[in-house]
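Read through the structure below, which is laid out as structure tokens, and then see the notes.
The values are calculated or read from the model by the stated rules, or taken from the named source; none is laboratory data. These numbers come from a predicted model, not from an experiment. Cβ placement follows ideal geometry from the backbone for every residue including glycine, while neighbour counts extend to all protein chains displayed.
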Amino acid sequence: MHKKFPTLAATLLAASLAFAYPAQAAGGAKSGLLTVQEAPLRAHLAFLSSDLLEGRGTGQRGGDLTVAYLENQAMAAGLKPASGNSYRQAVHIAGVKSLPQESSLRLEANGAPLQAAFGKDWVWAPGDAQAAHSIDAPLVFAGYGITASEEGWNDYKGMDVKGKVLVMMVNDPQPTAEQPDRFGGKALTYYGRWTYKFEEAARQGAAGVLLIHTTPSASYGWSVIQNSWDNVERFQLAQGELGTALQGWMTEDTARALFKAGGQDLDALRAAAERKDFKPVALNAKVGGDMKAAVRKVDQFNVAGIVPGTDAKLKQEVVIYSAHWDHLGMQGTSGDTIFNGAVDNASGSAALLAMAQEAVRHPAKRSQMFLWVAAEEQGLLGSAAYASAPLWPLDKTAAALNLDSLNFAGVTRDIGTAGSERTELGKMAEATAKAMNMRIAEAKPDLAGGYFRSDHFSFAKVGVPAFSIERGRDYLGDQAAAKAKNEAYSKRYHQVSDEYDPSWDLGGMTQQAAFTLNLGQAVANAPKMPQWKAGDAFGKVRAAK
């Protein structure tokens, strides 16, 4: 909780002054390229991360205030409404909180109950936004739970899993000496993400999924699972393709005890699941009892505005700039209860407003959409809702460029474009960086599957070329000081201490925003829309439409 901007009037005055007296942006872009002004970006950042918006929580008052601010600022910047006469797109969400004390859900192996405490040993919740379920389902070990035709892989072969609860590993099959590049080699593919496991199980008709947690496979400890599932309201889309009745995790120790009690060896089955010839294995175990949860329905909103294109034909196509407006809101009952989310992601939302101001002054041949999405922190829900009911035809959407947690540590010589190499956007990003006297940051293996964890991925899944523009790492100024700032922020990530500091040098933010806007303008003025690289799985989605 910070006190730097104590009144709404003071912050709105700052925002109005920012529009009236724009400052020169940092970054030194060459003539002919657009710049993003620091003053409006700073004013929006200060307000969006202020205590007045209470952490911009999903399903909370602060979220409603944020949407009102964004749509009015979009109007002030000169953007046209993207949803008919409205800047809002409704996102229908269900808030779900497991009620273990009112439930009787239990694990059984070889006819006997297994001692497993909610939170400590396993967690679960309904994946279909229903408050009550009676479950009596056999358990089946389904390996990694993957079906991937391009890899010749099917963990479901030979068994109808309808009505069964599947026990799965997180991550994807590991590379071998004979196949060093299978499933992306060392990098994590989407098949390895827990979200994919739940989605594929639902497509297969399973009654539920229990994921086996290990710190190496998940890339985080069990405490992260506990903090997201135990006594916490979780959110999911309330309509469209819903999940299985049961979704959850168990610790490795719990899984080991369950398999042993059922006469199976967990390590032996995990080893078998590394081979293509693996088939699901029925366990001498089940999950049964009543599962209850508190469920509420709430409408949140994406906010979207348009800069119409200038070309009679190309204006029918669009480039999207996106950022999520939500953070963690207010939590707890004592001390500082506001998760202000200054860097994550008031910075991206503020940048889009400042970028929109410039784009309105300099329209391109294609139309440009500025899209602030809801509920990213709850699992990319706002962007997923947009992708399922787009405000612009997907086959006429040239690209989606996303901003999340911008650079507050200083101007850099490089810029992060991980994921752009999957499409022709990669070469366009290189050209944009060169024109701005920058270079693309050195690529690193995506071990934690970062490409699948930001809002651009909702667009990639439906075939739109998309990636997130990330901060660079080669700072022009004091490298040690910049590194110290970033390391300090890693301790503030998703904490109440992620607060705006008026002393921040926002040169890195304006640079990152300007790069994104100039890349978007290049896409918007290009003769044709960018394409996926041959053979890319998401390119096949677009080709099939």
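Worth a mention:
- When Lys292, Lys297 are screened for being within 32 Å of the chain's Cα centre (by Cα), crowded, with 16+ Cβ neighbours inside 10 Å and under 17 Å from Pro126 (Cα atoms), only Lys292 passes.
- Gln378 satisfies every condition listed in (1) modelled with pLDDT of 95 or more; (2) farther than 23 Å from Lys313 by Cβ except (1).
- For region 149-184, residues that are over 20 Å from Ala218 (Cβ atoms) and part of a strand (DSSP E or B) total 2.
- Failed condition for Leu107, given (1) touching a residue at least 24 places away in the same chain (Cβ under 8 Å); (2) exposed (fewer than 15 other Cβ atoms within 10 Å of the Cβ); (3) not hydroxyl-bearing (Ser, Thr, Tyr): (2)
- Restricting the search to helices (runs of 4 or more DSSP H) fully inside region 343-459 and requiring at least 1 residues that are closer than 26 Å to Leu237 by Cβ gives 347-361, 381-388.
- Some residue of region 426-433 being surrounded by fewer than 17 Cβ atoms within 10 Å (Cβ to Cβ), in the same structural domain as Leu328 (by TED's automatic domain parsing) and more than 28 Å from Val319 (Cβ to Cβ): no
- Only residues that are among the basic types (Lys, Arg), surrounded by 14 or more Cβ atoms within 10 Å (Cβ to Cβ) and either within 24 Å of Ala433 (Cβ to Cβ) or outside the structural domain of Val411 (by TED's automatic domain parsing) (or both) were counted across region 488-541, and they come to 0.
- Of all residue pairs spaced 6 or more apart or on separate chains, those with beta-carbon atoms under 6 Å, a first member in region 153-177 that is under 22 Å from Trp249 (Cα atoms) and without any contact (Cβ under 8 Å) to a residue 40 or more places away in the chain and a second member that is among the hydrophobic types (A, V, I, L, M, F, W, C) and crowded, with 21+ Cβ neighbours inside 10 Å are Asp172/Phe183.
- Residues satisfying the stated conditions in region 185-197, i.e. assigned to a loop (DSSP other than H, G, I, E, B) and closer than 12 Å to Ala142 by Cα: none
Residue-wise test of (1) outside any helix (DSSP H, G or I); (2) closer than 20 Å to Ile320 by Cβ.
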| site | (1), (2) |
| --- | --- |
| Gly62 | no, no |
| Leu65 | no, no |
| Tyr69 | no, no |
| Met75 | no, yes |
| His92 | yes, no |
| Val96 | yes, no |
| Gln101 | no, no |
| Glu108 | yes, no |
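- Among (1) within 18 Å of Ser50 (Cα to Cα); (2) at pLDDT below 95 - the single one Ser334 does not satisfy: (1)
- Looking only at residues in region 175-202 that are polar (S, T, N, Q) and closer than 18 Å to Phe452 by Cα, the one that is surrounded by the fewest Cβ atoms within 10 Å (Cβ to Cβ) is Thr195.
- The listed residues are Gln73, Gln101, and the only one of them that is free of Cβ contacts under 8 Å to residues at least 40 places away in the same chain and either within 24 Å of Arg296 (Cβ to Cβ) or buried (at least 16 other Cβ atoms within 10 Å of the Cβ) (or both) turns out to be Gln101.
- Residue within region 434-453 that is under 20 Å from Ala524 (Cα atoms), assigned by TED's automatic domain parsing to the domain that holds Ala526 and surrounded by fewer than 17 Cβ atoms within 10 Å (Cβ to Cβ) present: yes
- Remark: pairs (first residue in region 32-49, assigned by TED's automatic domain parsing to the domain that holds Leu406 and over 15 Å from Gly508 (Cα atoms); second residue surrounded by fewer than 23 Cβ atoms within 10 Å (Cβ to Cβ) and among the β-branched types (Val, Ile, Thr); Cβ separation under 8 Å; 6+ apart in sequence or on different chains) = Ala43/Thr11; Ala46/Thr11; Phe47/Thr11.
- Restricted to helices (runs of 4 or more DSSP H) entirely inside region 218-327, those with at least 3 residues that are modelled with pLDDT under 95 and either farther than 20 Å from Asp136 by Cβ or outside the structural domain of Asp155 (by TED's automatic domain parsing) (or both) are 222-229.
- Taken over region 186-200, the criterion of being at pLDDT 90 or above and of a type in the set (Val, Ile, Thr) is satisfied by Thr195 alone.
- Test for Val360: is it modelled with pLDDT of 95 or more, in contact with a Gly (Cβ under 7 Å, 6 or more places away or on another chain) and surrounded by fewer than 22 Cβ atoms within 10 Å (Cβ to Cβ): yes
- Count - residues of region 216-265 that are in contact with a Lys or Arg (Cβ under 6 Å, 6 or more places away or on another chain) and closer than 19 Å to Val123 by Cβ: 1
- Residue count for region 227-257, restricted to those that are among the small types (Gly, Ala, Ser) and touching a helix residue (DSSP H, G or I) at 6+ places or on another chain (Cβ under 7 Å): 3
- Inter-residue pairs, beta-carbon under 9 Å, first over 15 Å from Tyr321 (Cβ atoms) and in region 445-460, second among the acidic types (Asp, Glu), 6+ apart: Gly450/Glu470; Phe452/Asp446
- Residue that is modelled with the lowest pLDDT, among those in region 129-147 that are crowded, with 18+ Cβ neighbours inside 10 Å and either part of a loop (DSSP other than H, G, I, E, B) or not assigned by TED's automatic domain parsing to the domain that holds Gly163 (or both): Ala129
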